[in-house]
Amino acid sequence: MALSSQRDLPPRAYRGSTFKPLRRGLKVPVWADLGIRLGLALFLISVVVLIHWWDRTGLVDNLDGEVSFLDVVYFTMISITTTGFGDIAPISDRARLVEAVIVTPIRFAVFFIFVGTAYNFIIKRSWETFRMSRIQEQLHDHLVVLGFGVSGSEAVGELIERGTDPKRIVVIDPSEERLLAAEAMGCNVMAGDATRDQTLKAVRIDKAQTVLVSAGRDDTSILLVLTVRHMAPDVPISVVVRADDNELLARQAGANNVINPVRFTGLLLAGSAKGAHIAEYLADLASVTGRVQLVEREITEEECGSSIADLKTGGRGLRVYRNGEALGFWEDACENLLPGDIVVEIVPTPNGHSNGDGVE
């Protein structure tokens, strides 16, 4: 099951890109790939055997003077492997020309086939396994992004702009092209199906700080949430769904935050109808590149007992979350902050300008 639909392509990966011809990936099983390589090598060796047998009169056997078919096979193998004991050797000009013009290129071809096979099946796989184990050892408190389409790529880009180290981000997507875009941003990537337990175990999902799900399809996203919640009961999950009916299903599946881009777009449109600058300000709050930014954090010891209006950051407190209850800044309970309270505030970004109170 694909993590993303074709309409959910990452814009960051295609900005400034040129047209690429239509193509289809060819996936060959490991045993078939190995068989093709060995078959090609045996075919080339057989060609050399036939050439030597056809031109056996140009060869000389220094032991008995007679070149048999077994001698031809033997000479071919030591010639291909560049061993060259000298007991059988080409003596005619034609035989030497055949060795130089035909056999030598075939010798290099066979050599590269065996070297390439050794690299792909031994060296490369061992190195990738080693690199993956090293990366896995360092995965702790990381962010896992399931699906690198439009929403996923924009979320990763925003996280990096907000100061998140790309090495702490793991992207899972079945598309190699999208993974190349994520890798270019500095993220750890894995091609696979995130609905499989084995895939999520490989990225140590239970050690993640949070999981962002953006599969492009609501049914796939909800299945991903169910799988992640099964593997990591305590990890916060944020998911993107596009149908209102699926918001409740996503929460029942275990999502902590459900984002509906369609509804958010409707809010922006409605806000713009009531005021020319409301939509602009909402977009400003949502992006780190704006002048102000929404921040959620736990209050400090110094802030305990103080009012939400007197936060040490100089930000404007909007809401307090206490024991699962949301309290507005106008409520009396926000006049006395308690340990463990989560506050949502507006703070200026480095791009913003303060008016003396710490906010614009």
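The values are calculated or read from the model by the stated rules, or taken from the named source; none is laboratory data. Every value quoted in this text rests on a predicted model; they were computed, and no experiment measured them. Neighbour counts run over all protein chains shown; Cβ positions are idealised from the backbone, glycine included. All accessible areas refer to the heavy atoms of the entire protein, side chains included, with ligands and DNA or RNA removed. Shrake-Rupley method; radii C 1.70, N 1.55, O 1.52, S 1.80 Å.
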Does segment 310-324 include one or more residues that are of a type in the set (A, V, I, L, M), open to solvent by 50 Å² or more (accessible area, probe 1.4 Å) and closer than 29 Å to E280 by Cα? yes
Only residues that are open to solvent by 10 Å² or more (accessible area, probe 1.4 Å) and not in a helix (DSSP H, G or I): list them for segment 144-160, please. none
Can you find even one residue in segment 197-206 that is crowded, with 16+ Cβ neighbours inside 10 Å and either free of Cβ contacts under 8 Å to residues at least 12 places away in the same chain or closer than 20 Å to V150 by Cα (or both)? no
Tell me which residues, restricted to segment 161-185, are open to solvent by less than 60 Å² (accessible area, probe 1.4 Å) and either more than 21 Å from K207 (Cα to Cα) or part of a helix (DSSP H, G or I) (or both). P166, S175, R178, L179, A181, A182, M185
Could you grab me the full set of residues in segment 53-64 that are open to solvent by less than 50 Å² (accessible area, probe 1.4 Å) and either within 54 Å of the chain's Cα centre (by Cα) or within 20 Å of A109 (Cβ to Cβ) (or both)? D55
Being part of a loop (DSSP other than H, G, I, E, B) and open to solvent by 20 Å² or more (accessible area, probe 1.4 Å) narrows it down to one residue among V73, V67; which is it? V67
Could you grab the pairs with beta carbons closer than 7 Å, sequence gap of 6+ or different chains, first residue in segment 289-304 and within 18 Å of N323 (Cα to Cα), second one open to solvent by 100 Å² or more (accessible area, probe 1.4 Å)? T300/K312; E303/K312; C304/P339
Looking at segment 297-304, is at least one residue closer than 30 Å to T227 by Cβ, open to solvent by 30 Å² or more (accessible area, probe 1.4 Å) and either in contact with a Lys or Arg (Cβ under 8 Å, 6 or more places away or on another chain) or not hydroxyl-bearing (S, T, Y) (or both)? yes
Pull out all pairs, ordered by first then second residue, where Cβ-Cβ is under 7 Å, the residues are six or more apart or on different chains, the first lies in segment 34-61 and is within 9 Å of V72 (Cα to Cα) and assigned to a helix (DSSP H, G or I), and the second is open to solvent by 80 Å² or more (accessible area, probe 1.4 Å) and at pLDDT 85 or above. W53/F69
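Of the residues that sit in segment 76-105 and are polar (S, T, N, Q) and open to solvent by 60 Å² or more (accessible area, probe 1.4 Å), which one is nearest to I45 (Cα to Cα)?
Step one: of segment 76-105, the residues polar (S, T, N, Q) are 76, 79, 81-83, 92, 104.
Restricting the remaining residues to those that are open to solvent by 60 Å² or more (accessible area, probe 1.4 Å) gives 81-83.
Numbers: T81: 11, T82: 13, T83: 15 Å.
Here the residue is T81.
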May I ask you to list the residues in segment 329-343 that are touching a strand residue (DSSP E or B) at 6+ places or on another chain (Cβ under 6 Å) and open to solvent by less than 90 Å² (accessible area, probe 1.4 Å)? A333, C334, D341, I342, V343
Being in contact with a strand residue (DSSP E or B) (Cβ under 6 Å, 6 or more places away or on another chain), open to solvent by 20 Å² or more (accessible area, probe 1.4 Å) and within 24 Å of S214 (Cα to Cα) narrows it down to one residue among V262, V240, V228; which is it? V240
